[in-house]
Amino acid sequence: MSADHPDESDRRQAKVPAHLAGMRLDRFLAECFPNYSRKELAKAVKAGLVKVNDRRAKPGAMLAADDLLD
């Protein structure tokens, strides 16, 4: 796995801090995981590899404080 190609074997987790509540998922991922391109992160989301609170997420999903990303 390279830094440019997130896949299921490269699991990361993040908890949304209160000051980032209301941010779009795609923007949050880009800020939290700068080693990945926005395009690769969007592919991972669309492929169902990114979950918010154990549910598949859409790139434009709005995040809330304490949401758990996996």
Restricting attention to the range 9-55, the residues that are under 11 Å from D70 (Cα atoms), out of contact with any Leu (no Cβ under 6 Å at 6 or more places or on another chain) and either open to solvent by 70 Å² or more (accessible area, probe 1.4 Å) or at pLDDT below 90 (or both) number exactly 7
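Just need a number here: residues in the range 48-68 that are outside any loop (DSSP other than H, G, I, E, B) and in contact (Cβ under 8 Å) with a residue 40 or more places away in the chain. Please lay out each step first, then the result.
Within the range 48-68, the first condition is being outside any loop (DSSP other than H, G, I, E, B), and the residues that meet it are 51-52, 55-56, 62, 68.
Among the residues that remain, those that are also in contact (Cβ under 8 Å) with a residue 40 or more places away in the chain are: 62, 68.
Final tally of qualifying residues: 2.
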Checking the structure you have, find out if any residue of the range 24-43 is part of a helix (DSSP H, G or I) and in contact with a His (Cβ under 9 Å, 6 or more places away or on another chain). yes
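The values are calculated or read from the model by the stated rules, or taken from the named source; none is laboratory data. Here the structure is a predicted model, which means the values were calculated and not measured. Cβ coordinates were reconstructed from backbone atoms using ideal geometry, including for glycine residues, and neighbour counts include every protein chain displayed. Note: accessible area is taken over every heavy atom of the protein model, side chains too, but ligands, DNA and RNA are not part of it. Shrake-Rupley method; radii C 1.70, N 1.55, O 1.52, S 1.80 Å.
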